[in-house]
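Inspection log for the structure reproduced underneath, given as structure tokens.
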Amino acid sequence: MNAAGVIAEGVSKQYGGTNQTQALLNVSVSIQPGQFISILGPSGCGKSTFLRCVAGLEKLTAGSLQVGQDPVKGPPDNIGMVFQRDALLEWRTIRNNILLPVEFAGKRKEDYRQRVDSLLSLTGLAGFADSYPHELSGGMRQRASICRALVDDPRLLLMDEPFGALDALTRDQMNVEMQRIWMQTRNTTLFVTHGIAEAIFLGDVVLVFCPRPGRIVEAIPVDFPRPRPLQIRESAAFGQLSAHIRGLFEGMEH
């Protein structure tokens, strides 16, 4: 399995300037290879900052981060990222958008043709390889961006509210798709979201962040068997977990 664990020890991030902002404070967590980790919290709590720190895009103020066996001192090798906006290049076909990381790595695109085809098939985009982004719906575009992140089989997949811009029905469909894709690839995945139900449905563990400065107030294991149908959200056990998390957020407000 090509997956890497993540170890954060005392991670803090402060932004300078006239008004100093403490975005993260003493975040420590150990993520096992192949786990799907949901990162949940209110706006401005440092979720995305933590993801950017893991990606090596932000320099830590204090603490340490490790991906696999390697300390994070810049963007780690072999990671994939998916953002809220798909950021597809409109002048490139879907196939050529997916192959961008391969080009950036200086690898032969021809060697990845079969990989692209299998990812397109996996995500329900078979037949759209030669289409352009404007010809696809929002959900299809986001699937293409997931293919792009997975094309070089990353050991770590970082997802920053990837379904936040989608309508509720498409978002539900993408949750099911994301679970299915992850169950086949088993990449270690860190998934940032505002949605309690989405975090529980997708995650092996839900990391609940408090408002700034961002800290993990609880790491909640989710033990529902997979694959999880959307109907599980109507179950009593799912409701109890949702209520527990909602209670944590309500407690933060006082």
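Taken together, the values in this text are just the output of simple stated rules run on the coordinates, not laboratory data. As the structure is a computational prediction, the values presented were derived from the model and not from experiment. Here Cβ is always computed from backbone atoms with ideal geometry, including for glycine, and neighbour counts include all displayed protein chains.
Return the subset of LYS47/LYS107; LYS59/LYS107; LYS13/LYS73 for which the Cα-Cα distance in this structure is over 22 Å, preserving the input order.
Working: LYS47/LYS107 32 Å; LYS59/LYS107 28 Å; LYS13/LYS73 14 Å.
Checking Cα-Cα distances, LYS47/LYS107; LYS59/LYS107 exceed 22 Å.
Select from SER43, ASN26, ILE196 the residue farthest towards the positive end of the dipole of the chain; place +1 on Cβ of Lys and Arg, -1 on Cβ of Asp and Glu, and compute about the Cα centre.
Positive-most Cα among the choices belongs to ASN26.
In whole angstrom, how far apart do the alpha carbon centroids of the stretch 62-110 and the stretch 4-55 sit?
First find each Cα centre; the distance between them is then 19 Å.
Pairs of alpha-carbon atoms within less than 8 angstrom and 6+ residues apart define the contacts here; what relative contact order does the chain have, in percent? Before the final figure, lay out each step's value.
Numbers: 481 pairs, mean separation 69.6, N = 254.
Reported relative contact order: 27 percent.
Select from the stretch 41-113 those GluC sites (Glu not before Pro) which occupy a DSSP coil region and have at most 14 other Cβ atoms within 10 Å, ordered by residue number.
The qualifying sites are GLU90.
At q = 0.10, 0.14 Å⁻¹, what base-10 log of I(q)/I(0) does the Debye formula yield for the chain when every alpha carbon is treated as an equal point scatterer in vacuo?
Cα-only, vacuum Debye calculation for the chain: -0.49, -0.96.
Rounded to whole Å and sorted largest first, what semi-axes of the equivalent ellipsoid does the C-alpha gyration tensor of the stretch 28-176 yield via the square root of 5 times each eigenvalue? Numbers along the way, then the final one.
Numbers: eigenvalues 147, 77, 34 Å².
Gyration-tensor ellipsoid for the stretch 28-176: 27, 20, 13 Å.
Between TYR15 and MET183, what is the FRET efficiency for a Förster distance of 25 Å, r being their Cβ-Cβ separation, to the nearest 0.05? Walk me through the numbers on the way to the answer.
Working: r = 37 Å, r/R0 = 1.50.
That pair, TYR15 with MET183, gives E of 0.10.
Along the charge dipole of the chain, pointing to its positive end and built from +1/-1 on Cβ of Lys, Arg, Asp and Glu, which listed residue (ALA236, THR185, ILE216) has its Cα farthest out?
About the Cα centre, the residue reaching furthest to the positive side is THR185.
To the nearest 20 debye, what is the magnitude of the charge dipole of the chain about its Cα centre, counting +1 on the Cβ of each Lys and Arg and -1 on the Cβ of each Asp and Glu? Can you show the working numbers first?
Working: 26 positive and 26 negative charges, 66 e Å.
That gives a dipole near 320 debye.
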